[in-house]
Amino acid sequence: MASDNISPLAMLNYVPLTTPVQQIMTDLPKVLPSQFYTQTKEVLGNKFRRFLMRGTRQTAKQSIYGAPPKAVAQTGIARQDVIMLHTIEQMVAGEEIIALFHQYEDYKVQLSAEEELERRAMDFAHRADNLRTATIHSAIANGYIWFDANNEILPTASGAVTTIDYQIPAGNRVAATATWATASNDIPTMVLNFLTSAMQNGYGRKPAYAICGKNVAGYLSNNTNFQQYLARNPSYNDFYKNTGLVADGVLGLKWVFAQDAYFERSDGTVPSQFPADQITFVPELTRDVYELKVGSFPVPKQFYWIGQNGDASQFVKECFNNPTYGAFRYAYGQALPVPQVWTVQGDTFYPDLPVPQSIWYYDTTP
């Protein structure tokens, strides 16, 4: 049924004959393991500093018993400062909503206005959550997060004005020794050899997750050697036949198919985020491998009217003495010249990869 352009005021003053329909799902898919979104650490303000210790995998030298000790060089240490991502936006409630709140004699109308205001606020809130999701996906898919001149996130470097570079070593962007698109090439052996090399060159951290673009599943299913591998492992084979997915443990990895990661740009385009032929290899998600840092921001804890007489010092103290970490939202109003209410929301965060040498980008079709 086609819908006419009906104002929110009209919608809220009449009982609808059918329940409202949400045409577009607002939450972006969270395609990665849950730790990427929930393994957080609070950081005061919007920046943090860490010290990087090189460590060693060398062995001690053999000595003759009673000989003097051999001198050993100290392991290296470095300092790194990081500025976190931040967003803050506001949305006006709309004069029609304010008008409904002034109909004090009609409780149903006021209740409808409150519900509509909450609906708008929740829809608004999805924007900040979607930014978190999209930036996390970009960090894992690319090792970069790109923004254009309007500070809108980009799917590629094209048009980027601001780039967050995770300093993934060039040597961690590797290619398969033979294309996976050819069914006769030995994918299991390529994967196992790569895992050994990655552990040796990735500061001792062996990949645990294979996060795949949309074409990888097809390369696996069509590969003769992979089919034989599954046939020799009945439980893995049954899981694949029943679900079309690769079970955890196959080739010593947890397989994540990330082709559903996307976001919508302001121009209406919907780009995907993970390169179709790529696998991102990530170690076990300990905190030294990945953390979602959440910064703090001064946020009022109650509604304030601009221009209203009150204790300004109490307002400042309330904001700064007890800041809010991560996502925040508050509202304020203005009585003159026209009564109006604004909802403000924001977030301060950073998907952190403290050991970029442990992240690998693997092209399956060189």
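The values are calculated or read from the model by the stated rules, or taken from the named source; none is laboratory data. Here the structure is a predicted model, which is why all the values come from computation and not from measurement. Here Cβ is always computed from backbone atoms with ideal geometry, including for glycine, and neighbour counts include all displayed protein chains.
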Subject >> Hits in segment 285-335 (condition: among the basic types (K, R) and at pLDDT below 80) >> reply: K301, K317
**OP:** Scan segment 205-221 for residues that are assigned to a helix (DSSP H, G or I) and either loosely packed, with under 15 Cβ neighbours inside 10 Å or of a type in the set (F, W, Y) (or both) and jot them down.
**Re:** G218, Y219, S221
Original post:
Under 9 Å by Cβ, and 6 or more places apart or on different chains, what pairs join a residue from segment 147-162 that is hydroxyl-bearing (S, T, Y) with one that is in a loop (DSSP other than H, G, I, E, B)?
Top reply: T156/P271; T162/D148; T162/A149; T162/N151
Subject >> segment 173-204, residues that are under 29 Å from T224 (Cβ atoms), part of a helix (DSSP H, G or I) and within 27 Å of the chain's Cα centre (by Cα) >> reply: V191, F194, L195, A198, M199
Subject >> From the options V256, V289, V246, V191, residue that is of a type outside the set (D, E) and under 27 Å from H86 (Cβ atoms) >> reply: V289
Original post:
S138 versus (1) touching a helix residue (DSSP H, G or I) at 6+ places or on another chain (Cβ under 9 Å); (2) assigned to a helix (DSSP H, G or I); (3) crowded, with 19+ Cβ neighbours inside 10 Å: which is the lone unmet condition?
Top reply: (1)
Original post:
Looking at V270, V246, which one is of a type in the set (A, V, I, L, M, F, W, C), surrounded by fewer than 19 Cβ atoms within 10 Å (Cβ to Cβ) and assigned to a loop (DSSP other than H, G, I, E, B)?
Top reply: V270
